[in-house]
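Trainee: Got a structure for you, questions after.
The values are calculated or read from the model by the stated rules, or taken from the named source; none is laboratory data. Note that this is a predicted model, so its numbers are computed, not measured. Because the Cβ atoms are built from the backbone with ideal geometry, glycine has one as well, and the counts that use them run over all protein chains shown. Accessible surface areas use protein heavy atoms only, side chains included; no ligands, DNA or RNA. Shrake-Rupley method; radii C 1.70, N 1.55, O 1.52, S 1.80 Å.
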Amino acid sequence: MRPLSGTALAVLGLLALRPRSGYEIKQTIDKTTRFFWKASYGQIYPELRRLAAAGLVEGEAAPRGGRARTVYGLTDDGRRRLEDWLAEPDFRVDIRDEGLLKLFFADLVPGEAALALLRVRRAVHERVLAQLRQIEAEPPFVGGRAYPDVVLSYGIGFHSWAVGWCEEMERHLAPDAS
């Protein structure tokens with residue numbers, strides 16, 4: 001059995017919640033998982049074709065207003081594959097963070113420019129934290145399920161911690177710190 005990409009697994013998960021078009025999958029990702037798993041149309045539509053070819057999803061024509069549209073749903077094999085993945089005890093943690101990469105090399109720039117990288121990083125985490133707090137205040141997008149709220153709580157906790165860490169590092173690395 002060929003491993004599925006993370007995007008394919010995200011698509012299967014969203015289709016397990018309810019059938020959707022590629023456009024609806026993208027809209028849902030943009031409102032839910034984008035803070036930790038992004039996907040573009042250029043990833044979603046090829047994955048839908050691969051998943052259909054593998055017999056894990058089925059598409060049904062559902063034109064809307066004269067526009068061609070296909071709504072996809074999970075097959076029994078697709079649901080089993082998703083459940084098998086969910087039951088696997090291990091997972092990868094792949095962090096690609098350009099801001100951390102910049103901080104890693106910050107010794108190569110003058111002190112104030114390096115500190116500016118920390119300030120920008122703090123501002124980014126503050127902005128994401130505000131977005132997550134807004135999501136927290138809105139009615140559930142995914143339908144009142146418990147675990148999306150668990151992931152939301154993780155994001156709020158992580159970005160709150162990151163803001164505090166940036167503040168601490170700014171104090172520690174400030175020129176007048178001793």
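Trainee: Per residue, how much accessible area does the chain show when a 1.4 Å probe rolls over the protein heavy atoms, in square angstrom?
Mentor: 69 Å²
Trainee: For the stretch 102-113, what does the Karplus curve 6.51 cos²θ - 1.76 cosθ + 1.60, with θ = phi - 60°, yield as ³J(HN,Hα) per residue in whole Hz, taken in order and with x for Gly and Pro?
Mentor: Running phi through 6.51 cos²θ - 1.76 cosθ + 1.60 with θ = phi - 60° gives 4, 4, 4, 9, 5, 5, 7, 10, x, x, 5, 5 Hz.
Trainee: Now for a different question. Taking θ as phi - 60°, what are the ³J(HN,Hα) couplings along the stretch 152-164 by the Karplus curve (6.51, -1.76, 1.60), each to the nearest whole Hz, with x for Gly and Pro?
Mentor: For the stretch 152-164, the Karplus-derived couplings read 4, 4, 4, x, 5, x, 4, 6, 5, 4, 5, 4, x Hz, x marking Gly and Pro.
Trainee: For S160 and A61, what does the FRET efficiency come to when R0 = 35 Å and r is the distance between their Cβ atoms, rounded to the nearest 0.05?
Mentor: It comes to 0.15.
Trainee: Under 5 Å between amide H atoms, partner at least 5 residues away or on a different chain: which partners does V57 have, H built in plane at 1.01 Å?
Mentor: Those qualifying (amide H under 5 Å, at least 5 residues apart or on another chain) are A52, T75.
Trainee: With Kirkwood's inverse mean 1/r over C-alpha pairs for Rh, give me the Rg to Rh ratio of the chain, two decimals please. Mind dumping the intermediate values first?
Mentor: Details: Rg = 20.5 Å, Rh = 19.0 Å.
Taking Rg over the Kirkwood Rh, I get 1.08.
Trainee: Given DSSP loops and a limit of at most 14 other Cβ atoms within 10 Å, what is the longest stretch of the chain that contains no such chymotrypsin sites (Phe, Trp or Tyr not before Pro)? Numbers along the way, then the final one.
Mentor: Details: sites that count: F36, W37, F91, F105, F141.
It works out to 38-90.
Trainee: While we're here: Work out, step by step, the length gained on full extension between Y41 and A116: first 0.36 nm times the residue separation, then minus their alpha carbon distance; give nm to one decimal.
Mentor: Gain on stretching Y41 to A116: 23.6 nm.
Trainee: Radius of gyration and Dmax for the stretch 105-178's Cα atoms, expressed in Å?
Mentor: According to the Cα coordinates of the stretch 105-178, Rg and Dmax are 16.3, 51 Å.
Trainee: Would you kindly state how much longer the chain becomes between E98 and R127 on full extension, computed as 0.36 nm times their sequence separation minus their alpha carbon distance, in nm to one decimal?
Mentor: Computed gain between E98 and R127 is 8.8 nm.
Trainee: With a 1.4 Å probe and every protein chain kept in, tell me what percent of the accessible surface of the chain is carbon plus sulfur.
Mentor: 56 percent
Trainee: Continuing with this model, one more query. Any idea how far apart D149 and K31 come out in nm if each label point goes 7 Å out from Cα toward Cβ?
Mentor: Each label point lies 7 Å from its Cα, and together they span 1.8 nm.
Trainee: Considering the chain as a Gaussian network with a 10 Å cut-off on Cα pairs, which listed residue, P19, P110, P140, attains the greatest mean-square fluctuation?
Mentor: P110
Trainee: Still on this structure, I have one more. Could you give the longest part of the chain that holds none of the trypsin sites (Lys or Arg not before Pro) found in DSSP loops with at most 11 neighbouring Cβ atoms within 10 Å? It would help to have the intermediate numbers written out before the result.
Mentor: Details: sites that count: R92, R96, R145.
In the chain, the maximal stretch lacking such sites is 1-91.
Trainee: Kirkwood Rh and Cα-based Rg: tell me the resulting Rg over Rh for the stretch 13-108, rounded to two decimals.
Mentor: 1.10
Trainee: Another question, if that's okay. Would you look at the GNM of the chain, springs on alpha carbons closer than 10 Å, and say which of E167, E58, E138 moves the most?
Mentor: E138
Trainee: Go through L86, A8, L103 and say which Cα lies farthest out towards the positive end of the charge dipole of the chain; charges sit on Cβ, +1 for Lys and Arg, -1 for Asp and Glu.
Mentor: The one lying farthest along the dipole's positive direction is A8.
Trainee: If you wrap a convex hull around the C-alpha atoms of the stretch 94-138 and split its volume per residue, what is the figure in Å³?
Mentor: 58 Å³
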